[in-house]
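> Once you've had a glance at the structure underneath, I'll fire off some questions.
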Amino acid sequence: MTTRLRHRKAFSEVLRSRQAFLANLKIHGPLASTMDAEQVLAAYLGAYCAGMSGAATAKEVFSALSAEPNKHHRANATIRTLLGSMRVSEAMRLVASCGVPMLTFAEHLRAHGLRRPDLIAWLNQFAAPESTRTSPSENEGQVRSRARRAR
């Protein structure tokens, strides 16, 4: 394996830190969900969680994905199965239609212990490069104030 491939593989398997995502404020404002958000989510649940016993409903998964990860949420097993199975193009549509901020989506991936190189590489492009990061606490406060204003 060449050095370039080894570096690319290592880069793709590590999801950047919360601070890296917070440093890129352009993409962390609250997104507006579309009217068909639950329908899109229901379609993905039907495709990837069809045989799962006790799978959460689209409404439950939507509310869980819209919030910070919670280890005691009923929809966790369903979210883990869904995120572990879907393609990047489907993740893009899910994020866009459900209005899930990239940071929250990344936190769900991290909280469920999923190490999907394709999703991680896609998400890492939304994190700020190492050289442009500012104080994480300053950026986190700005992200929270934007979220409050949007509600």
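> Among the residues in the stretch 44-61, are any among the aromatic types (Phe, Trp, Tyr) and under 19 Å from ASP118 (Cα atoms)?
Yes, the stretch 44-61 contains at least one residue that is among the aromatic types (Phe, Trp, Tyr) and under 19 Å from ASP118 (Cα atoms).
> While we're here: Does the stretch 97-109 hold any residues that are modelled with pLDDT of 90 or more and surrounded by fewer than 19 Cβ atoms within 10 Å (Cβ to Cβ), and which are they?
Result: GLU107, single match.
> Listed residues ARG115, ARG74; which is without any contact (Cβ under 8 Å) to a residue 60 or more places away in the chain and not hydrophobic (A, V, I, L, M, F, W, C)?
That would be ARG74, the only listed residue that is without any contact (Cβ under 8 Å) to a residue 60 or more places away in the chain and not hydrophobic (A, V, I, L, M, F, W, C).
> Let me ask another. Taking the stated definitions as given, is SER145 at pLDDT below 90, more than 23 Å from ALA23 (Cβ to Cβ), small (Gly, Ala, Ser) and assigned to a helix (DSSP H, G or I)?
no
> May I pose another question? Can you tell me which residue within the stretch 116-142, out of those that are among the charged types (D, E, K, R) and touching a Leu at 6+ places or on another chain (Cβ under 8 Å), is modelled with the lowest pLDDT?
GLU140
> Say whether the condition of being within 19 Å of MET102 (Cα to Cα), touching a Ser or Thr at 6+ places or on another chain (Cβ under 6 Å) and modelled with pLDDT of 90 or more is met by at least one residue in the stretch 69-76.
No, the stretch 69-76 has no match at all.
> Now for a different question. Being at pLDDT 90 or above and of a type in the set (Gly, Ala, Ser): is that true of SER85 here?
So SER85 passes the test.
The values are calculated or read from the model by the stated rules, or taken from the named source; none is laboratory data. Quantities reported herein were computed from a predicted structural model and do not represent experimental measurements. Using ideal geometry, Cβ is built from the backbone for each residue, glycine included, and neighbour counts are taken over all protein chains shown.
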